[in-house]
Amino acid sequence: MPANPVVRFANRLVLSRARRSGSLDTSGMGALTTVGAKTGATRSTPVAIFSTASGGWFVVGAAGGGPKNPSWAHNLMAHPDQVSIERGGVKREVTAVRLRGEDRAAALREVYATAPRFQGYQKRTTREIPVFRLTPR
């Protein structure tokens, strides 16, 4: 969790709204809950959740094109079967799979169709931005 108290407060406000708004059937902000890779503690963060053509969801560890992956991406890789998403008051337990190669490229095409701003994030960084497919458990 960010050390800055202002950032923590802002995240709590956004997280509360993300949990209540929208639907898991559409793309938009939602709550992603993971288990900390180092701490084992449950962590929730607001993220963009993209509905997939195949019925699951994508999350993209863009971090605004910053130099590091968001901590939730590390948590997903460490505990891919201890993940949930929530939007519109509906919570779903999911399993995360990090996408590579053509699967990643195809997922990004779907994401870019919904949120073109995500195209610019890869240009701002040298790291490969992680993309995860979330499927219901």
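Values quoted throughout were computed directly from the atomic coordinates according to the rules given, and no laboratory measurement underlies them. The structure presented is a predicted model; accordingly, all values stated were derived computationally and were not measured. When we count neighbours, we look across all protein chains shown, and the Cβ atoms used for this are built from the backbone with ideal geometry, even at glycine.
Of the residues V7, N69, A113, the one whose Cα sits farthest towards the positive end of the charge dipole of the range 5-136 is V7 (charges of +1 on Lys and Arg Cβ, -1 on Asp and Glu Cβ, taken about the Cα centre). Between T52 and A78, the contour length at 0.36 nm per residue exceeds the alpha carbon distance by 7.0 nm.
One decimal place: the segment S16-R109 gains 30.6 nm when fully extended, by the rule 0.36 nm per residue minus the C-alpha distance. When you filter the GluC sites (Glu not before Pro) in the range 81-137 for DSSP loop state and at most 16 other Cβ atoms inside 10 Å of their Cβ, you are left with E128. Ignoring lysines fewer than eight residues from K91 along the same chain, the ones with Cα atoms less than 29 angstrom from its Cα are K38, K68. When peptides 112-122, 27-37 are ranked by their average number of other Cβ atoms within 10 Å per residue, the highest-first order is 27-37, 112-122.
Considering the convex hull of the alpha carbon atoms of the range 5-136, report its projected area averaged over all viewing directions, in nm², one decimal.
Here the figure is 7.7 nm², rounded to one decimal.
Model label points for A41 and T95, set 7 angstrom from Cα along the Cα-to-Cβ axis, are 2.9 nm apart. Output the relative contact order of the chain, whole-number percent, from Cα pairs under 8 angstrom with separation of 6+ residues. Contact order relative to length: 27 percent. In this label model, E128 and V6 are separated by 3.7 nm, measuring between points 7 Å along each Cα→Cβ vector. A Cβ-based charge dipole, computed about the Cα centre of the chain with Lys and Arg at +1 and Asp and Glu at -1, lands at about 420 debye.
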